[in-house]
1. I'm checking my understanding of the structure. Among residues of segment 1-19 that are open to solvent by 70 Å² or more (accessible area, probe 1.4 Å) and at pLDDT 95 or above, which one is farthest from residue 116 (Cα to Cα)?
2. Got at least one residue in segment 126-147 being at pLDDT 90 or above and out of contact with any strand residue (DSSP E or B) (no Cβ under 8 Å at 6 or more places or on another chain)?
3. What number goes with the only condition from (1) buried (at least 17 other Cβ atoms within 10 Å of the Cβ); (2) within 19 Å of residue 144 (Cα to Cα) that residue 22 does not pass?
4. If we keep just the residues of segment 146-164 that are surrounded by fewer than 21 Cβ atoms within 10 Å (Cβ to Cβ) and not hydrophobic (A, V, I, L, M, F, W, C), which is farthest from residue 119 (Cα to Cα)?
5. Take the residues in segment 111-133 that are part of a loop (DSSP other than H, G, I, E, B) and small (Gly, Ala, Ser), then tell me which one is most open to solvent (accessible area, probe 1.4 Å).
6. Of the residues 91, 11, which is within 21 Å of residue 147 (Cβ to Cβ), over 17 Å from the mean Cα position of the chain (by Cα) and of a type outside the set (Phe, Trp, Tyr)?
Amino acid sequence: MLQTAINAASSCSGQVWVATGIYKPTTTTGPGSRTVSFAMRDHVAIYGGFLGNETAVNERPALDPTLGQPVGTSVSSSTLSGDIGMPSDVSDNSFRILSASNLLTGEVLDGFVISGANANVGSFTTGAAINLSNSSPAIRNCVIENNTSTGQGAAANSITLSQLNLDKCLVRNNHASISPIYMLGEQSQTVFFRVIHQELSLSQAARL
C-alpha cells in the first residue's frame with residue numbers, strides 16, 4: 001500500500017518511487033472511508049511516473065504538465081484518486097486526497113495527477129485535493145484536476161504557517177465556493193504553475 005511505503009520511508013528520510021497506475025487513499029467504502037487521505041511524512045520525497053525500468057529519478061519520462069508533457073493521459077501517469085466508491089459517482093468520493101500537517105523540511109510530491117476529491121460534509125469542506133497545515137512541501141510536475149469543495153481550496157488549501165509551493169503544476173477544472181486555490185496569511189506563496197478553467201462562487205478572503 002502506498003501509505004505504508006510513505007510511513008516506512010519517514011524513518012530514513014527516504015524516497016518513495018511510485019509506478020504508473022491509480023492509487024486511492026483507502027480500499028474500503030464503509031462508514032468513515034471518505035475521511036481517509038494520503039498523509040505526507042517528515043523528510044519523505046514521493047515521486048510518480050515510473051515505468052519500472054528506471055534506476056534514477058531523472059530517468060522517468062519527461063514530466064512538465066505546464067508544457068503539455070505527458071502527465072494525465074500518458075502511460076507514465078501515477079494518479080492519486082478520490083474515487084473510492086461507485087465509479088463516476090462523486091457523492092461517495094474521498095473528502096481529501098493528500099494531507100500534510102506539522103511537517104519539518106524536505107518533503108516533495110513530484111509527478112502525480114491528483115483528482116476526484118469531494119469535500120462537502122461537516123468539517124471536511126476545504127482542501128479537497130491538497131490540504132496543508134503548518135507544512136510547506138514542494139509540489140512539482142503535478143496535475144490537480146476535477147476536485148470539489150463546498151468551502152475553499154478545492155485544488156489546494158494552505159493555512160496555519162504553511163507555504164503553498166507549486167512548481168510546474170497544471171491546475172484545472174476544480175470547483176469551490178471560496179477560491180479553488182486558497183492561501184491564508186503571509187506565509188503562503190506560489191512558484192510557477194498554470195491555471196485553467198477554475199470555478200468559484202465567492203472570492204472574498206481568498207487570493208491567487
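1. 15
2. no
3. Failed condition: (1).
4. 163
5. Just the residues of segment 111-133 that are part of a loop (DSSP other than H, G, I, E, B), to begin with: 111-112, 116-117, 120, 122-123, 125-129.
Narrowing further to those that are small (Gly, Ala, Ser): 111, 116-117, 122-123, 127-129.
Values: 111: 2, 116: 13, 117: 3, 122: 65, 123: 95, 127: 0, 128: 0, 129: 0 Å².
This residue is 123.
6. Working: 11 fails: within 21 Å of residue 147 (Cβ to Cβ).
Answer to the selection: 91.
Condition check ((1) at pLDDT 95 or above; (2) within 17 Å of residue 22 (Cβ to Cβ); (3) not aliphatic (A, V, I, L, M)) across all residues:
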residue: 53; (1), (2), (3): no, no, yes
residue: 67; (1), (2), (3): no, no, no
residue: 82; (1), (2), (3): yes, yes, yes
residue: 89; (1), (2), (3): no, yes, yes
residue: 100; (1), (2), (3): yes, no, no
residue: 109; (1), (2), (3): yes, yes, no
residue: 122; (1), (2), (3): no, no, yes
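Residues checked against (1) of a type outside the set (A, V, I, L, M); (2) in contact (Cβ under 8 Å) with a residue 60 or more places away in the chain:
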| residue | (1), (2) |
| --- | --- |
| 1 | no, no |
| 11 | yes, no |
| 17 | yes, no |
| 32 | yes, no |
| 59 | yes, no |
| 77 | yes, no |
| 91 | yes, no |
| 103 | no, yes |
| 109 | no, yes |
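The values are calculated or read from the model by the stated rules, or taken from the named source; none is laboratory data. Given the structure is predicted, the values throughout are model-derived calculations rather than measurements. Neighbour counts run over all protein chains shown; Cβ positions are idealised from the backbone, glycine included. Note: accessible area is taken over every heavy atom of the protein model, side chains too, but ligands, DNA and RNA are not part of it. Shrake-Rupley method; radii C 1.70, N 1.55, O 1.52, S 1.80 Å.
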